[in-house]
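The values are calculated or read from the model by the stated rules, or taken from the named source; none is laboratory data. What you are looking at is a predicted structure, and each value in this text was computed from that prediction instead of being measured. Neighbour counts are summed over all protein chains in view; Cβ atoms, including those assigned to glycine, are modelled from backbone coordinates with ideal geometry.
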Amino acid sequence: MYRKSLIAAITMACVAPAVHAQSARDYINIVGSSTVFPFTSTVAEQFGRASTFKTPKVESTGTGGGMKLFCAGVGVQHPDFTNASRRIKASELADCRKNGVNEVVEIKIGFDGIVLANAKASPVYRLTRKDIYLALARQVPDPAAPTRLVANPYKAWKDVNPTLSAVRIEVLGPPPTSGTRDSFLEQVMEPGCTSIAWLKSLKDVDEKRYKQVCTTIREDGAFIEAGENDNLIVQKLAANPGALGIFGYSFLEENLNTLHGSTIEGVTPDFDTISTGKYPVSRAMYVYVKKAHVGMIPGMKEFITEYTSEKAFGEEGYLVDKGLVPAPKAEREMVRRDAVALTGLKGL
């Protein structure tokens, strides 16, 4: 009996520190989108300065990578929030629930635009989504037989459209794990593809092939995956005036002294064209909250209150200076109400 008691005591002594370590996190952990990263980091810094809570830890893992981490489970070893430059997918929400993350709160923080920018040392590109599709798709209609697909033969922008420059096609863009990549495929590549009548009709005949043709990026060097660090793309553009970079409008606004944005369908990306929806490649941005962690991790409710305050994401808020395009007032009030009440997503 004594021997059994001793073994039990030793076992408990070994297990107890591990359990204690699991419950010992006293700061908020946030992962996700590189586009939303600057906004959330700014709120985190403000929160750390103005509250009694520790400054949240914010990591840029990409939207897709952030969702995987966020949905992996409940407990202090998993993130509390994830940033997203697109809405959570139904499949991701299903993964969350499969792993016990049953209540997810969605916060739409505002809007952003996807831009194609280049160094001011070069002229502004004036592009259509058809131009961009033809420049970057893996397969395109054969110039000699337009209803047949061939490996993309275009080397320079003038090959795509004779009104464009003779500069070699070189575009730095996000990887497949990025929400910006998802939005770019949906809002630029697909519309560019469907501007070609027979490719548009392909959707009704063979949707799987249509998706493959319209959203598969070429891999012959014309498109270069630049990772999840948008600041790195900005730096590379400064060193390579002939290249274009794909990223969120906020990064363009922060670097207007060295970069300018391409016009898309004749519209320049700026605060007004994005907020009014005139710019054709605008999108909503999100932060997702793991409700099960509220009360487990100190400061989560207070952080939500800070993020959804008018002084943060309002029309005169400090996030506007970072490039955030605020949602309309009525929508902000609804977002704030649901976020503070921790109203979970019911489904997609």
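Here are a few things to note about the model shown:
- Pair list, Cβ < 7 Å and 6+ apart or interchain, from segment 39-65 residues that are without any contact (Cβ under 8 Å) to a residue 12 or more places away in the chain to residues that are outside any helix (DSSP H, G or I): Glu45/Thr55; Gly48/Lys54; Gly48/Thr55
- Taking every residue in segment 261-286 that is in contact (Cβ under 8 Å) with a residue 12 or more places away in the chain and at positive phi and pairing it with any residue that is part of a loop (DSSP other than H, G, I, E, B) and of a type in the set (Ser, Thr, Tyr), at least 6 positions away or on another chain, the pairs with Cβ-Cβ distances below 9 Å are Glu265/Thr128; Glu265/Tyr279; Gly266/Thr128.
- Qualifying residue in segment 194-203 (condition: touching a Phe, Trp or Tyr at 6+ places or on another chain (Cβ under 6 Å), free of Cβ contacts under 8 Å to residues at least 12 places away in the same chain and not in a strand (DSSP E or B)): yes
- Any hit, segment 231-244, residues being closer than 30 Å to Lys155 by Cβ, in contact with a Pro (Cβ under 8 Å, 6 or more places away or on another chain) and assigned by TED's automatic domain parsing to the domain that holds Asp182: no
- Unique residue being in contact (Cβ under 8 Å) with a residue 12 or more places away in the chain, touching a helix residue (DSSP H, G or I) at 6+ places or on another chain (Cβ under 7 Å) and not assigned by TED's automatic domain parsing to the domain that holds Asp272 when the list is Val171, Val74: Val74
- Residue among Gly221, Gly227, Gly277 that alone is surrounded by 15 or more Cβ atoms within 10 Å (Cβ to Cβ), of a type in the set (Gly, Ala, Ser) and not in a strand (DSSP E or B): Gly227
- Which numbered condition Ala330 fails, given (1) part of a loop (DSSP other than H, G, I, E, B); (2) among the small types (Gly, Ala, Ser); (3) free of Cβ contacts under 8 Å to residues at least 40 places away in the same chain: (1)
- Within segment 280-316, considering residues that are more than 20 Å from the chain's Cα centre (by Cα) and over 21 Å from Asn83 (Cβ atoms), the one surrounded by the most Cβ atoms within 10 Å (Cβ to Cβ): Glu315
- Among the numbered conditions (1) at pLDDT 95 or above; (2) surrounded by 10 or more Cβ atoms within 10 Å (Cβ to Cβ); (3) not in a strand (DSSP E or B), the only one that Arg49 does not meet is (2).
- Taken together, Val101, Val140 contain a single residue that is in contact (Cβ under 8 Å) with a residue 12 or more places away in the chain, in a strand (DSSP E or B) and buried (at least 17 other Cβ atoms within 10 Å of the Cβ), which is Val140.
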